[in-house]
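Notes follow once the structure below has been shown.
The values are calculated or read from the model by the stated rules, or taken from the named source; none is laboratory data. This one's a predicted model, so the numbers in the text were calculated from it and none came from an experiment. Because the Cβ atoms are built from the backbone with ideal geometry, glycine has one as well, and the counts that use them run over all protein chains shown.
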Amino acid sequence: MELNGVAEKVIISPSEIKSHLEEGRAQDLSKEDFPYHNWEVHIVPMYEDVVELGRLAGLSQKDIDLAQIAVLYHDISLLDGREGHEEKSAQIAEEDLREFGYQENDINRVKIIILGTKGKMEDGVYITEPSDDPLVNIMRDADLANIGKVNFPEQSENLRQELGVTDKSKWREFQIEFLTKHRFHTEVAEQLWGEQKKKNLENL
């Protein structure tokens, strides 16, 4: 759209951003390159999970929208390498959202949510910086929702293949330790996925 010869920026919805990425960058997250962290099996379900978590937590639609946008971008730079991919993905989100007409405070919020997924494995637990931001914690729970779903065995195998772990026995031991020590960041995630997580651990 143009106004007096000047292009006017138009804010687009999360679903429109999703379509935009699927025509471009999302194709980098293929099943062939990423058996686990691919668009179809990881990003799209997570995109839906943050909506359910956000609504159960009583968040505003705007906050849910920002969480969905963060989901769409949080792994978008993985093809360039895992190291520092959160920062790279946040930068891509910033550039796109500014082009789409989003306000700086909303862009910064999306970046904070994306960076909130950054952490490290320590003694069988994925450690992240403590946060009292509800969107960060919902994002973190949605990112690991698979451990509380019935398709966990399949997703666990996909992750093993993606990480190149060849010893299935050691991988099983790692998964047992991880599920034993893991705690969801929000009560709503525990309500949704806590029981199935226990079943998945028992099955291991």
query = Filtering the range 107-131 down to residues that are surrounded by 15 or more Cβ atoms within 10 Å (Cβ to Cβ) and more than 14 Å from Ser89 (Cβ to Cβ), which residue is modelled with the highest pLDDT?
reply = Arg109
message = Looking only at residues that are surrounded by fewer than 16 Cβ atoms within 10 Å (Cβ to Cβ) and without any contact (Cβ under 8 Å) to a residue 24 or more places away in the chain in the range 146-156, which one is nearest to Glu195 (Cα to Cα)?
response = Asn151
ask   = Can you tell me which residues in the range 177-189 are within 17 Å of the chain's Cα centre (by Cα) and either in a helix (DSSP H, G or I) or among the small types (Gly, Ala, Ser) (or both)?
value = Val188, Ala189
query = Checking Thr166 against (1) among the hydroxyl-bearing types (Ser, Thr, Tyr); (2) under 26 Å from Asn137 (Cα atoms); (3) part of a loop (DSSP other than H, G, I, E, B), which test does it fail?
reply = (2)
